[in-house]
Structures are given as C-alpha cells and as structure tokens.
Amino acid sequence: MVFIWNDSQVTRQITLVYCLSSCAVLSLMALLTFASDALLIAGSTRALPLFIPLVLFELIKWAVHHIMYDRDLKTKKSHRFGNLSVIYRHIDVVESVKGIIIFCLGTIFFYVVAVLFGAEILSKHEETLMFGAFTSLLTIFPMTLHTGRQAVMKFMANQPALNMFHKLFYRTFQFTLVGAWVGAAFIPLDWERPWQAWPITCSFGALIGNIMGYLFVLVQHFVFGAHGVFGKKKKLKQYNS
Amino acid sequence: MLLKENPIIFYVCLLEIFACSLFFLSFFALKSPITVIASKSDFPSAVNEHKLDVQDVYRRRYNKIVIVIVDALRFDFIADGNHMPFLFKVFQNHNASCLVSAKTDVPTVTLPRIKSIVTGDVSEFLDLILNFGATELAQDNIISQAVSHGLNILFYGDDTWLRLFPKTFKRFEGTTSFFVNDFYEVDHNVTRNLKRELLNSDWDVMILHYLGLDHIGHVEGPKGPSIPGKLKEMDDVFRMIFEYFKDLGEDGLIILTGDHGMKDSGGHGGSSFEEITVPVAIINGGCDRTSNGMVIDQVDLVPLLAISMGVPIPAASIGHVHPKLLENLLQPSELLYALYYNTARMKSYLSPPMDHQLEELMSEGMKSYASGLYDGFKTDELHIYERHFLSVQKHITSNIPRSNKTGVSSLLIAITLLAQAIVCLLLKGTTLLPSLTSSSSKCVRSCCFIGTVVIFMAGYFKWALVCGMALILANCYVILTEGIDVKVLMGINPIYWFMLILHPMTFLSTSFIEEEHLFWYTTFSTLIVLMARIHSRKSLPDLALILVVHRCLQSLNATGIKWANISDLGDWLRAPENHVLMTSYYLIGVILTMSASWRCASSKYFKSILFILTMIQGTSVCLYYVAVTKNCQLFFHYPKSSGFWEVKCFWIATILRTSLELRNVLRHCVGSFRPCRPCMLAGVLVQLVISTLCLLMEPQNAILPAAMVYVSWRLKSPVEDMKTSEVLSHWIGTVYFFLSGNSNSISTIDVTAGFKGVDECNIFFAGLFITLHTFAFPILAFLLTLEHLLRSEGGSPASAKSRHADVIKLHLLLNACPTLVFMIVSLIQREHLFIWSVFSPKLLYTMCQTLISVSMVVISAALL
C-alpha cells in the first residue's frame, strides 16, 4: 500500500484529481451543513452518520488513484473484474486494521491538543472527542489511506515529504489546524448564536481550513507551479534542449 | 549610564506618563454637574389652566422611614427565600410589601452607588478611584432636601456617608470599611445603635448601612460558610424594625436594599448580572404582591423616597416614577401629580430644548391628565392617563449622552504625544549620545522640543491643538527623513510579530476585551507549540511540560465575563470538605515559591542565616493563612486570630533577609567579579517581589509565582536572542496576570490583598499592595528578563549597552503600542453602549500597565 513516487506525470495527475475532487465535494458538504442545521449537532455523536459520506468519498478517491496508477504502470488486468481487480489486489486487512488504529490515535492526539489549547477537561468529553474524530478524519485518515502508515510516521517525525502528493497531506494538515484555531476565535463573541458552542466553530473552521489547504496546493502547483498557467517555463526549455 | 547615553528613553518615559495621565483625566473628566437645587417652587401649580392644590397632593406620607442598605446584597440572597425567612414571609403575607429587583449603574462599588441612591444622577467612573477618599457632596440630593425641609435624619454604618454628608445627620456613628477581615464587629456597632434609637422618637428618617456581608463576600464569596449566618443576622435586624412599627401601631416605610451585588467569585465593581442586580424590598409601601419581580433602576429610588417624604425630587435625578409602586399609597390624582411633576422636572433639566417628539408627548399627557382632573379619574383606567408621561420619562433617560464631549481635543493631544513616544522609540540613531548631537538628528531634537512644548501648553487647549498639529507634521517629517529603524524589531520570529499585531486588533470587539485572557492563553499555547518546531529536540520535554502546566493553571481561576461563574479548581479547593487537599496544596505552593525566591537571590555568604530567614518567611505565611481562614487546617490545633503577629514576623524576616543580601552584594561584589553587582541587585529585587507575593497571593494562587519563574527559565533557555526573550517575558507576564484571576473588569481586583495583617489603615500601603498584587506578574516578568539580561554578559561593553537599550526600548514599545491603539479605539467608540462597562475598566488597566512599565524602566535605569 505504500507508494514511493517521484514527481512524475502520474503523481501530478493524481494530485490534481485529488485536489479538485476534494475541493468540490468538501465545499459542497460545508455548504450543505451550513445551510441546514446539521452544523449544530457537530458536537454530539448524532453527527457520526455525517462521517460516512466523507469516508466513502475517500475510499472512492483511493480506488481512482489505484486505477490511475496501475494504468500508468500498465499492469495486466484480470479480465473478469476489469478495473475493480486492481482495487481488490490492494486491499490488505492487516494494514487496514493498523490504519484504523492510527486513525484512533489521531483522534486521541487531537483530543489532547484541544484540551491543551483550552477545551474543558472535566466536562464536554463527547464534544471534544467528536472534534478530535472529525479533525482526524480530515487529516490523518486520508494520509493513512493514501500514503500509508510509514508516511504518517515520517510526518510525525517531522521529516520532509517524498513528493508532491505526500506534501499535499502535510499542507492540508497545517491548514486544518490553523482553520480550527481561527474557528475558536468565534466562541467568545457575544452574538448569542447557537453555533457559538464548542466544538462547532472549530470543526467547521477545520473543514474550511482543509478546503483552503487543497486550494492552496492547487494554486501552488497547478497555477504557479512548473506546468501551471503562470509557471516558469524555463525548466521545460532546458529539458527540451 | 543608561540615562547619559539614552536621554531619548527618558523623554519617552516622560511622554508616556504625560500622555496617559492627560488621556485619563480628560476621558474621565468630571462632567459639569447640574448645580441647580430643586425647591418647592418647582412644583407645577397648574396643568393646562387647571389649578392644583400642591400642598394637598404632594405631602409627607410617613412619620418614620427606615432605609437599610446591606452592602453587596445580591438579588438571590432574598429571592431564594431560604436565607432571610422572616423577610420572605412578609412578602407573602403582608399587604403593602413587595420585592422588586433594581439594576444599578457601573462601576459597582460603594461610593458611586451611594451617590446614585441619593442624587439619582448618572455615575462617574472616576468615583471608583475616589472610593476611599470621598469628599462632601455638593450636588442636590435627597438627604439635604430632607434636612432642609425639617426632617431629622439619623445615620449608622459605613463612614463613606459621613464623608459625603459631614454635618447633615442629627445623630450618627460611622464604621470603617477598610478591614475586610472584620465580619461581625462592624455590624454589631450599627445594630447596637439601632436598638437604642428605636426607643427614641425624635427622628424621621433612619439610614443604616451594613458592611459585614461585603466583607464576607470579598473573603469567602457568595457561597461561603459565613454567608447564611450573616443573612440571618440581617433578617433579625429587619424583624426588629418591622416589629417596632407593628408595636407602634403605625406604618413606617422600610426599604431594604443593597448598594451593589456580588459576583460568584466574591468581588464587585464590574457589570455582570450578579453585580448590577440588587433587591429592593419595600415594606409598608404603596405596592402589593402583584409588583413582585418588577425590574426598576436603582436611581428610581430617589423619586420614590422624595414622594414618600414630600420633598422636592433632586434636580439631576434621572429616576422614573413607577405608578405601580405607589398605587396603594396615593390617590389617583396624587399619583398622577407625582408622575407629572417628575416628568416635567426631567424635561426641564435633562433634555435638550426643542425636541418636537417630546413636546408632543408631553402635551398629550397633560391633556389627558387635565381631562382626568375634570371628569374624575377612573381607577381601573389609570394607565391611560399615565402612559404619555411614562414614555416621556423613558425617552429622556435613553437620550442622556454617555460621554463628555468637551474633552476630545485633549484626548487627541494625548494620542499624538504617545504616537511621538513610539516614533522616538523606532527612530534610527537615537541609541547613543554621539549620534544625537550629529547634524542628522537636528530634526529629531526639534521634534522632541515641540513635544515638550505641547506638554507645557496642555493647559491651554487652543495652543496645544496647534502645537499638536505641528507635532504630527514634525513626526511625519522625521520619519520621512530619518526612516524607521527596524533594528529593534529585527531578530524576532515573524510569528511573534503576527501575534503581537493580532492583539490590538482584538480591541475591535467588546467580547474580546472582556475575554482577553482567552487570547493570551491560546496564543501562548500556540507559541509553545511553534517553539517546539523551531528549537531543537532537546527542549521538547520541557515545552510539553510547560504546556501541561499552563493548561492546568488555566482551570485554577475562571475569569472574564462569560465563563467567570463556572466552578473552577480554586472554588473546589476552597470548599470546606476539601480542606486537607487545600492545606497540602497550599503548603506545596508556599514551599515551591519560597524555593524560587531562594534560588533567585543565591548569596555566597551567610547562607545558613539566609536560609533560616527564608524558612521563617514561609512558615509565617503559612501560619497566617491557617490563623485567618477556615480552609487551611494543620494536624495540630492552631488558634484562629487576625494573624497580626505572623505577618509582622514575615515582614521582619523579609527586611532582615533583603538587607543581609544587599550587604553581601555591596561588600563582596567588585567589578571584576561575576555575576556582577547589577545582576545580583536585580536578583535581590526578584527575591523581594516573590516573597511579598507569597504573602499577598490567595491560597490557591500561591503556586503561581513558582510556576512563572520555572516557565520563564525553561522557555527562555533555548532562546539566545535577548529581544525574543523580552517578547516572551511580556507574554508570560500577561498570561500569568490573567492566570491569577485578573480580567479587564474592576471586580476581579482583590482588595483583601491590601489589608493582610494590618491593624490600622494605611491608604498608601494598601494601594501599593493592591497594585503589586494585581500587576505582580508583569513586574516579575520584567525583573526576570532584567536579571537574565545582566547575567548573560558577553562581547564588548558597547555592544552590551546597545543590547540593554534595545531590550528597554522593546519593553516600552510592547506596552505603548496596545495602549495607543486602545486610546484611539476608545476615542472612536466613546458613545458606545458599553463605554463605561467594558472600555473604561480596560482603559484603566492599560494605563496602569503602561505606567508600571515606565516605572520598571526607571528602576532598571538605576541598575544598568
């Protein structure tokens, strides 16, 4: 399940597809929760069903990557299942269980971080746990799913990313945390709105931050990057000559 | 040395002091009071050509009136029915009695509240500071009205009243409000006089002001163990008066109220609901059970009392007449006359002339009043006659201007001066003297000259304004020619700057001003996390520990406004059932703090004597708390007392220790010897401050000085740059300021700190200790930086000097910039609804902090 790529054509393609789809789907989700009252239950376990589409979406993306990657490698397909056989080959139960454990550890990590940053210790356990789970779902879960366990360990050890796709998760991690940080600033305001409660603003801020992270990578690599609209074409010319 | 080489720093200090005091005085300028004294000739004698018999409709209603003011009586103390059962039973069974709640103005401290109750005027914020130094009240008020109309008034209780009315009362005795640890004696003195006076009959009005409840609140909080007993005592006082009137067979009016409320943490002064809501119990009045639960303003008591006494309503009163509270006392025609009189009076004294809407409403009201007089009032339709007058009253009070409009020019001048101070700190080439004499700095000098002129001209507003303009131009010119020196700002991680710039931006929201501690807590945690990323892995466990300590200390004192009432660790520790935990926690706190003070001033000589003295300090502080509070108990019996001799013992040990250390420094530290003399002196200062704090801090906060010293050592150890460590210490100082329970509200100032173990009141020491207790951590943080700075001598003397100057400048800058921004914000927002409840206290804190930073710089100048 571990990919070790360089910044090849396919990595760029996958990153592009990943960023675009995430931006679109997460923005849609943010809009929907903002428009409906779903936002208000962000702090209770009743919000857990809302996690299912997110998880499914990540799994679909995971499948798409493998199809794209395997097509690039021109792996031989089994005729019976077509593209699906590729996915079937990549499913590894032990790794999945380990991934789930990492997700849970991530939840605990965010729980502790939230408490250290001022969440209540003795009460509101459910809220803090939901915040931890949601943030973990936005950051640790895709990271584990797409780049593998070792990459997460490397990230935790503060080592540089391997390629653009790995860096994407580093960026979104940072942006998500900043988003949650900014979201916390809305809680003390005296607007007396029901959503000004822990952890609604923080969770929503994390979601927005996550989207911003994808947007940032999009703009960084595909607008100003080497092949982007405003990118420097010099390198290409050098390659050509 | 610093003085000779950096005259500019002292010029900046002068500017800051002057700008702050000018801004302060003009922002809180005493508004020109309404000097008119109301008299009987003010009574309107006719309404729309319908002649009225004033003598008959407006006359004295009671032979005897008793006003009982219980300091810091919260609404729920009476309303819950358990604490004062007799009083509560009266509301249920007695006809002409009711319990209403009154909203007080801010600040909720005694002097402005008394003034409001007697004059009915809007409160002055500055009265907060004059709280202990009241002078004779010159404004028109209900007491002098009553006396001039021949009523005999007795007064027993808080001597603030006696300072306001020195020669007014027929008989009086004052009790002093200084000794907050005196719960019972103050009230016994009042009750003793009450018992004697109830046998006399030569008085008309008796005012009693009980202080005990407030004292208990300050020490124990509203849920403290002594509160129920005190309320029972107040209930008995009420029963005595009630039964006196019953035996007398006449219905004397009894009004029982509080001057202000009490926060759940025990203090008062701010504007939270618990502080500004007081009960008003009216017994034998004009109301009945149906008025229970009504909400009035505290100033509405003034017309109520005036009508009951039959005297003119004081001229400046903004109090409304509430017909519902007088219905059973007055005939409809009398009631409407009182309402009409008050409305007409308010209109002529308080509203701007030629307000068409107001004129219309008033004439409508008079028309229906006149028609009622002509046809006779229908009792069940009284509200139809009343409603126009009521809306006029409401209209007038809602349009009273909130701020003083005359002071704007001097506010602007103060802002300009402070801006110049900041420009001076940022200018190039002002570090050392030689450059100041060079040609390039001529404009700087002329700029400084103009600034000085502005200071001297401040008395004459027109000239000062012109000079202020010139100062702005000169500053712009200097910046353009000299350029701003970013050297002071360089070498600090941009993240720090981002946070420092973010801080003044939070002033735009009043909630962030109220909850400023959250900003500091969060940014401090963020800083620690970022430092963990910046610095090497070696400091990681330290930083994690600091983060955990920081989080634990946050739950020690809940502060701010919104979440101030949630129960915190401090409340839990103070609970009587946890006294074992509390005692051990307190002992650990004292031991840690004393060891911190021991480490801060480590002398090489007389070590054993100094150690014994430190032990004596710690022991006497512990014994003092065991003696005065019920929460701390040792395993052996220790007699309860006021703790005078323990505190004396502490002070003697402190003085001996400090002078011994000073002797060591002066005798054994020669120039060649490291650590050098200034550094040792700074250490002695730190030791003195920490030891004093150990005495002043509340038991649950005793651990804070030690925690702060630890955090500041560990956090600064990986940082090599002195400027970064100054920024860090600014952060730590502010964070611990809030951690110790302070906030931007007046109510969190702990006045008990000023009266620890003193047997006579000394206003100077009380003020000093209260200030030291409140701003302890910013002061300590700067002293620690100073010591750190002096300890890390390195390089040539010249570079060391410029480094010192940089740190001092940065310190001034860090304090002056938020002050400047806040001054501008409060100038713009001076008509804001929360100007007195949110902006003014914060302004007070900011000014104090700036002045303290200036005095710290002066102290450091003596050391450097």
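For segment B:704-711, putting each phi into the Karplus relation 6.51 cos²θ - 1.76 cosθ + 1.60 with θ = phi - 60° gives couplings of 4, x, 4, 4, 5, 4, 4, 4 Hz, in residue order, rounded to whole numbers and with x for Gly and Pro.
So what is the relative contact order for chain A, in percent, with contacts set as C-alpha pairs under 8 Å and at least six apart?
Working: 257 pairs, mean separation 62.9, N = 241.
Reported as a whole number, the value is 26 percent.
Output the relative contact order of chain B, whole-number percent, from Cα pairs under 8 angstrom with separation of 6+ residues. Here the relative contact order equals 16 percent.
With a ≥ b ≥ c the root eigenvalues of the C-alpha gyration tensor of the protein assembly as shown, is it rounded (a/c under 1.5), prolate (a/b larger than b/c) or oblate? Taking the square roots of the gyration eigenvalues as a ≥ b ≥ c, the protein assembly as shown is prolate. Each residue of segment B:333-338 is assigned a 3J(HN,Hα), and the resulting list reads 5, 5, 4, 5, 5, 4 Hz, derived from the Karplus form 6.51 cos²θ - 1.76 cosθ + 1.60 (θ = phi - 60°), x at Gly and Pro.
Taking the number of Cβ atoms within 10 Å of each Cβ as an exposure proxy, the fewest-first ranking of B:Val392, A:Val97 is A:Val97, B:Val392. Amide H contacts of B:Gly310: B:Arg61, each under 5 Å away and 5 or more positions distant or on a separate chain (H built 1.01 Å from N in the peptide plane; Pro and chain starts excluded).
If you take every DSSP beta bridge fully contained in the protein assembly as shown, what fraction is antiparallel? Give it as a percent rounded to 5.
On the way: 13 of 37 bridges.
The answer is about 35 percent antiparallel.
Comparing B:Leu211, B:Trp598, B:Gly560 along the charge dipole axis of the protein assembly as shown, the residue lying farthest to the positive side is B:Trp598, per the Cβ-charge model.
Taking 35 Å as R0, compute the FRET efficiency from the Cβ-Cβ separation of B:Asp759 and B:Val548 and round it to 0.05. Could you put the intermediate results ahead of the total?
Values: r = 43 Å, r/R0 = 1.22.
Efficiency, rounded to the nearest 0.05: 0.25.
Suppose every K and R has +1 on its Cβ and every D and E has -1 on its Cβ; what is the size of the dipole of segment B:511-793 about the Cα centre, in Debye to the nearest 20? Walk me through the intermediate numbers first.
Numbers: 22 positive and 18 negative charges, 213 e Å.
I would put it at about 1020 debye.
Approximating the spin labels as points 7 Å out from Cα along Cα→Cβ, the B:Met615-to-B:Ser792 distance works out to 3.6 nm.
Projected onto their three principal axes, the Cα atoms of segment B:289-391 cover extents of 40, 34, 25 Å, largest first.
Once divided by 2.2 N^0.38 Å, the Cα radius of gyration of chain B becomes 1.06.
For the pairs B:Lys723/B:Lys801; B:Lys648/B:Lys756; B:Lys195/B:Lys246; B:Lys232/B:Lys640; B:Lys64/B:Lys103; B:Lys64/B:Lys246, note any where the Cα-Cα span goes beyond 18 Å.
Numbers: B:Lys723/B:Lys801 13 Å; B:Lys648/B:Lys756 10 Å; B:Lys195/B:Lys246 15 Å; B:Lys232/B:Lys640 23 Å; B:Lys64/B:Lys103 26 Å; B:Lys64/B:Lys246 13 Å.
Long pairs (Cα-Cα over 18 Å): B:Lys232/B:Lys640; B:Lys64/B:Lys103.
Going by a ≥ b ≥ c, the root eigenvalues of the Cα gyration tensor, does segment B:511-793 fall in the rounded group (a/c under 1.5), the prolate group (a/b larger than b/c) or the oblate group? Oblate is the answer for segment B:511-793, as a/c is 1.5 or above yet b/c matches or exceeds a/b. Taking the DSSP beta bridges with both ends in chain B, the antiparallel portion is around 35 percent.
Normalising by the residue count of segment B:511-793, find the relative contact order in percent from Cα pairs under 8 Å and 6+ residues apart. Intermediate values should be presented prior to the final figure.
Numbers: 337 pairs, mean separation 70.9, N = 283.
Across segment B:511-793, relative contact order equals 25 percent.
Phi angles of segment B:149-162 translate, via the Karplus equation with coefficients 6.51, -1.76, 1.60 and θ = phi - 60°, into HN-Hα couplings of 9, x, 8, 9, 10, 10, 9, 9, x, 3, 6, 4, 4, 5 Hz per residue; Gly and Pro are given as x.
Here is the list for segment B:359-413: trypsin sites (Lys or Arg not before Pro) lying in DSSP coil, each with at most 13 other C-beta atoms within 10 angstrom of its C-beta, are B:Lys378, B:Arg402. Using bins of 10 Å that start at zero, the share of Cα-Cα pairs per bin across segment B:98-217 amounts to 12, 41, 39, 8, 0, in whole %.
For segment B:102-186, which trypsin sites (Lys or Arg not before Pro) are both in a DSSP coil and crowded by at most 13 other Cβ atoms within 10 Å?
Numbers: sites: B:Lys103, B:Arg113, B:Lys115, B:Arg163, B:Lys167, B:Lys170, B:Arg171; in loops: B:Lys167, B:Lys170.
When the trypsin sites (Lys or Arg not before Pro) of segment B:102-186 are filtered for loop state and at most 13 Cβ neighbours within 10 Å, B:Lys167 remain.
By the rule of a C-alpha distance below 13 Å, with chain neighbours fewer than 8 residues away ignored, the aspartates and glutamates paired with B:Lys607 are B:Glu661. For chain B, excluding the exposed loop sites themselves (GluC sites (Glu not before Pro), DSSP loop, at most 12 other Cβ atoms within 10 Å), the longest remaining stretch covers B:251-719. Taking Cβ atoms as reference points and 15 Å as the exclusive limit, the residues near B:Val626 contribute a net charge of +2, counting Lys and Arg as +1 and Asp and Glu as -1. For chain B, the mean residue ellipticity at 222 nm estimated from helices alone is -19000 deg cm²/dmol, where every DSSP H run of n ≥ 4 contributes -39500 (n - 2.57) and the total is divided by all residues, rounded to the nearest 500. Among the helices of chain A, those built from whole DSSP H runs whose Cα atoms reach 27 Å or more along their own axis and whose mean Kyte-Doolittle hydropathy is at least 0.0 are A:9-35, A:51-73, A:93-116, A:164-184. Secondary-structure-derived ellipticity at 222 nm for chain A, considering helices only, amounts to -21500 deg cm²/dmol, per-run term -39500 (n - 2.57) for DSSP H runs with n ≥ 4.
For chain A, what class follows from the C-alpha gyration tensor (a ≥ b ≥ c being the square roots of its eigenvalues): rounded when a/c is under 1.5, otherwise prolate if a/b is larger than b/c, else oblate? All intermediate terms of the calculation are to be shown ahead of the outcome.
Details: a/c = 2.01, a/b = 1.53, b/c = 1.31.
Prolate.
Around the Cα centre of chain B, unit charges on the Cβ atoms of Lys, Arg, Asp and Glu (plus for the first two, minus for the last two) sum to a dipole of about 3420 debye.
Counting other Cβ atoms within 10 Å, keep those with at most 10, restrict to DSSP loop, and tell me which chymotrypsin sites (Phe, Trp or Tyr not before Pro) in segment A:92-198 are left.
Numbers: sites: A:Phe103, A:Phe109, A:Phe110, A:Tyr111, A:Phe117, A:Phe131, A:Phe134, A:Phe155, A:Phe165, A:Phe169, A:Tyr170, A:Phe173, A:Phe175, A:Trp181, A:Phe186, A:Trp191, A:Trp195; in loops: A:Phe117, A:Phe186, A:Trp191, A:Trp195.
Of the chymotrypsin sites (Phe, Trp or Tyr not before Pro), the ones in loops of segment A:92-198 whose Cβ has at most 10 other Cβ atoms within 10 Å are A:Trp191.
No value in this document is a laboratory result; all are computed from the given coordinates. Because the structure is predicted, anything quoted here is derived from the model rather than measured. Neighbour counts run over all protein chains shown; Cβ positions are idealised from the backbone, glycine included.
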